[in-house]
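Written out below as structure tokens is the structure these notes cover.
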Amino acid sequence: MMSLTDNKQKRKQTEHSSVLGVMAKFWQPGRVKTRLGSTIGMERSAQLHQLFVGHLLSEMTGDESGKRGWHTQWVSSPSDCLEVSRQQISLWNLEQNEQCVDVVDQGEGDLGDRMYRWFDRQLGADDLAAHEPPKREAIFQKAILIGADCPLICRSDITLALEKLRHSDAVLGPAADGGYYLIGFRAPLNPQTKRVFSEIAWSQDDVFDVTCQRIKEVGMTVSFLPTQEDVDTEVELNRLRTSLAENFPTSAASVKRLSESIDQVLKTEHES
């Protein structure tokens, strides 16, 4: 029997052929951005994480005309915060006067397990031999997953990634620290996609290189986006603030709000 969630997903498929997942934890002090928190304080780092998540969701759910080219999901963790995450998004959707974002649970396992599980849900089962058709139809034709560590990802980056998936099986956005800030696949999902996410040392600086090699080993083609920088340390945060300040006069309104909000969080904590 088809579940309510399945019905909702099917409706989304009729509206959009692509889905974007923003993979991010709920903003609990001490459980998010702990490297940054070790120098600026856990409360401040959690507040900044909340700003980054909110900015990305706002940026990705519509342009100035309200037009969207994909369905957006907040891929949330931990599971014990799922209900409060949904409450936050319900309030946000009310402010937008429409159902802009769904919240889905990352589930259990390491980062690779959780990322693969999300792609499997969106693009169909891939646990069969390469010559066999998938057991179930893909909900979407293209799926992109980003994190919240790189707040300057914009709609044009997602548009470019989706365009590259017209000609490639996979797309990657390399991060300056050796990881990646974006990964995407198109349907039908390659039968060996799980290998791309298995036994990866996620804290190492060769994650991007290893992932590229895995993608090629399983027979997929891959395209790339320009390199961007995550914000995991105070040095990276300061570079972000400098970049925002230098580009402030020509920045979009949402980026200006992000810059002002970051300054306010840091100023308030400093004054207290």
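Under Stokes-Einstein, with the Kirkwood radius over Cα pairs standing in for Rh, what whole-number D in µm²/s applies to region 151-227 at 4 °C and 1.567 mPa s? Translational D for this selection: 102 µm²/s. One decimal place: the segment Arg195-Val235 gains 11.0 nm when fully extended, by the rule 0.36 nm per residue minus the C-alpha distance.
Rounded to the nearest Hz, the phi-derived 3J(HN,Hα) couplings of region 187-194 under the Karplus curve 6.51 cos²θ - 1.76 cosθ + 1.60 (θ = phi - 60°) are 7, x, 5, 4, x, 10, 4, 4, where x marks glycine and proline.
Taking only the alpha carbons of region 138-272, we obtain Rg and Dmax values of 17.3, 55 Å in that order.
I need the calculated FRET efficiency for the pair Ser203 and Asp80, taking r as the beta carbon distance and R₀ as 25 Å, to the nearest 0.05. Once the sixth-power term is evaluated, E becomes 0.55. A simple rule links phi to the HN-Hα coupling: the Karplus curve 6.51 cos²θ - 1.76 cosθ + 1.60 with θ = phi - 60°, which for region 231-240 gives 10, 10, 10, 5, 4, 5, 4, 5, 5, 4 Hz, with x for Gly and Pro. Taking amide H as placed 1.01 Å from N in the peptide plane, the amide H of Gly147 sits under 5 Å from that of Met23, each at least 5 places away or on another chain.
None of the figures in this text is laboratory data; all of them are computed from the coordinates on show. Since this is a predicted model, take the numbers as computed values, not measurements. All Cβ positions, even for glycine, are placed from backbone atoms using ideal geometry, and neighbour counts span all protein chains on display.
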